[in-house]
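The values are calculated or read from the model by the stated rules, or taken from the named source; none is laboratory data. Keep in mind that this is a model prediction, so the values were computed, not measured. All Cβ positions, glycine included, derive from the backbone under ideal geometry; neighbour counts span all protein chains shown. Calculation scope for accessible area: heavy atoms of the full protein, side chains included, ligands and nucleic acids excluded. Shrake-Rupley method; radii C 1.70, N 1.55, O 1.52, S 1.80 Å.
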Amino acid sequence: MKAAYADPPYLGCGQKHYGALHSAAADFDDPETHRALVERLSDEYDCWALSLHEPSLSTILNMCPTDVRVAAWVKPFASFKANVTRAYTWEPVIFRFSRNRTREQDTWRDHLSEPIAMRKGFPGAKPAKFAYWVFEGLNLEPDDTFHDLFLGSGAVTEAWTKWRARIAPEQLEIV
């Protein structure tokens, strides 16, 4: 099976958070760039997951095929900024599944409570437990092909290598 995970600059945040890191980051401030990404995911991959932020959920969800499912990454620790009266302590993740789960497999939950990755050197880096949750949600197998479309810190690709070797996610975290 061919699978992908996409964690692009969130709609409206490209230039602000990633402009200095990537020349095409500002392109993701345009909804049409996200539409093209959803189309690419749907055309090229059997299953996929897409991270986004809550303010863009209604826009991007309307671009998706009708068979997707929205899950939640709940961040029990989040930074609170001055003059922010409503904190975003969760992020939606849109999943498009392909392989069914069996009754013999553990039930996968459509939410994960896991703190943000700390000290990864790249804004928005995902923790290993998040990546493992995505792999399990997509019901991947070690011999599947997996593409991390936005490498960023490289944490998800590193987690895929470790997940395939069945190394516990706790062994990946650097505090």
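Look at the dipole of the stretch 1-153 built from charges on Cβ: of ALA128, TRP90, GLN105, the Cα furthest out on the positive end belongs to TRP90. Accessible surface computed residue by residue for the chain, with neighbouring protein chains in place and a 1.4 Å probe, gives 57 Å² per residue.
Along the stretch 156-162 the Karplus relation, 6.51 cos²θ - 1.76 cosθ + 1.60 evaluated at θ = phi - 60°, assigns HN-Hα couplings of 5, 5, 4, 5, 4, 4, 6 Hz to successive residues, with x for each Gly and Pro. Counting only residues at least eight positions apart within a chain, or on another chain, the lysines with an alpha carbon under 23 Å from that of LYS2 are LYS126, LYS129, LYS162. Just check the stretch 42-118 against the gyration tensor rule for me: Cα atoms, a ≥ b ≥ c as the square roots of the eigenvalues, rounded for a/c under 1.5, and otherwise prolate or oblate depending on whether a/b exceeds b/c. Verdict is oblate for the stretch 42-118.
So in the chain, what percent of DSSP beta bridges are antiparallel if you round to the nearest 5? Looking only at bridges with both residues in the chain, the antiparallel portion is about 50 percent.
Computed from the C-beta positions of SER42 and PHE77 and an R0 of 35 Å, the FRET efficiency is 0.55 to the nearest 0.05.
Loop-located chymotrypsin sites (Phe, Trp or Tyr not before Pro) in the stretch 25-97 (DSSP state not H, G, I, E or B) with no more than 16 neighbouring Cβ atoms inside 10 Å: PHE77, PHE80, TYR88. When the Gaussian network model of the chain links Cα atoms closer than 10 Å, the mean-square fluctuations of VAL156, VAL84, VAL38 top out at VAL84.
The calculated FRET efficiency for the pair ARG101 and THR161, based on their C-beta separation and a Förster distance of 25 Å, comes to about 0.60. The heavy atoms of GLU136 offer some 70 square angstrom of accessible surface to a 1.4 angstrom probe.
Rounding to the nearest 20 debye, state how big the charge dipole of the chain is about its Cα centre with +1 on each Lys and Arg Cβ and -1 on each Asp and Glu Cβ. Charge dipole of the chain: 520 debye, to the nearest 20. With the radius of gyration and the Kirkwood radius both derived from the Cα set of the chain, what is their ratio Rg to Rh? Using only Cα positions, Rg/Rh for the chain is 0.94.
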